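Q: This structure is in structure tokens; I'll ask about it shortly.
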Amino acid sequence: MAEQGSGMAEQQHVAQRRPVGAADALRASTFEATTLAYSLMDTDFVILDVNTAFAEATGMARDELVGHQAFELFPENPLQSDDAPARAMRQSLERVISTRQRDSMIIHRYDIPDPDQPGAFVERYWSPVNIPVFDDDGELIAILQQVEDVTDYREDLVKVLGYLQEPTPGTSSETSRRFVEYAATAMAHSSLYHSARREVEQLQEALTSRGVIDQAKGILMGRYRCGSDEAFQRLKQMSNDSNVRLRDVATALIYQVSAPGSAPAKRGES
């Protein structure tokens, strides 16, 4: 019994140490940290919150978005009015409310106001998914909208979806619809993949450049019996004098020293 009482006391102690609202804070942090663009709106389509990715995708600041009706913030482009993009989006949101199920729009052109030219619009294609949000009692209280800007991939995406939408013997319409949705999601997320890949390549190049420059600095430190800062300044001067990138100068210096038959530079040589 004593051991049981000790265990209960420990559990109470842990519970007291746990920050109040930690789970809510974690959810809020995740909402903000994700690179996916999200907006949260009530059932009247008033925006309750957005994350940084959504603000960047729309070119508007968070303060300009929160508290405003979505369709007032994003009116239709007059040149696109025949396509009724706002009506199609509203119908999707209303389906979420009536069915209590998520609704995917696959590809949806919805031009957005140009932040640099008042009255002008920027052509944009999106892959929106509207998701119901429920409270603890199961009541639908909000709609979470996830959007991916697929403007750069629209043509490829249209081709893929057109192929998948063709009837296939033995395949139900529901299965075809799901394949189309999966394909759209994959294509939409490809933009994130390419973005991440570019960042990795840039980081690798930066690390490689740093290693080459550090090696060249070491050569100059040994040659001139100087410190790291002076060696770097000498390297920069060589780059400026030759009008060649710092990394390329460092690479040439390393090659000069390591090449077979190369003679060491005389001390004091500049």
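The values are calculated or read from the model by the stated rules, or taken from the named source; none is laboratory data. Since the model is a prediction, treat every value here as computed from it, not as a measurement. Here the Cβ is made from the backbone with ideal geometry for all residues, glycine too, and neighbour counts use every protein chain on show.
Q: Given the criterion hydrophobic (A, V, I, L, M, F, W, C) and modelled with pLDDT of 90 or more, identify the matching residue among 66, 14.
A: From the options 66, 14, the qualifying one is 66.
Q: Among the residues of the range 104-118, what is the count of those that are in a loop (DSSP other than H, G, I, E, B), crowded, with 19+ Cβ neighbours inside 10 Å and either out of contact with any Phe, Trp or Tyr (no Cβ under 8 Å at 6 or more places or on another chain) or among the acidic types (Asp, Glu) (or both)?
A: 2
Q: May I ask you to list the residues in the range 219-229 that are at pLDDT 90 or above and farther than 18 Å from residue 257 by Cβ?
A: Scanning the range 219-229 gives a single hit, 227.
Q: Please go through the range 57-68 and pick out each residue that is without any contact (Cβ under 8 Å) to a residue 40 or more places away in the chain and in a helix (DSSP H, G or I).
A: Within the range 57-68, 62, 63, 64, 65 meet the criteria.
Q: Now for a separate question. Return the residues of the range 107-124 that are touching a Gly at 6+ places or on another chain (Cβ under 9 Å), among the aliphatic types (A, V, I, L, M) and free of Cβ contacts under 8 Å to residues at least 60 places away in the same chain; say none if nothing qualifies.
A: Answer for the range 107-124, where residues must be touching a Gly at 6+ places or on another chain (Cβ under 9 Å), among the aliphatic types (A, V, I, L, M) and free of Cβ contacts under 8 Å to residues at least 60 places away in the same chain: just 112.
Q: So if I check each of 71, 54, which one is in a helix (DSSP H, G or I) and surrounded by 19 or more Cβ atoms within 10 Å (Cβ to Cβ)?
A: Matching residue, one of 71, 54: 54.
Q: Among the residues that make up the range 42-63, is at least one of them touching a strand residue (DSSP E or B) at 6+ places or on another chain (Cβ under 9 Å), closer than 13 Å to residue 113 by Cα and aromatic (Phe, Trp, Tyr)?
A: Within the range 42-63 (the criterion being touching a strand residue (DSSP E or B) at 6+ places or on another chain (Cβ under 9 Å), closer than 13 Å to residue 113 by Cα and aromatic (Phe, Trp, Tyr)), the answer is no, since none of the residues qualifies.
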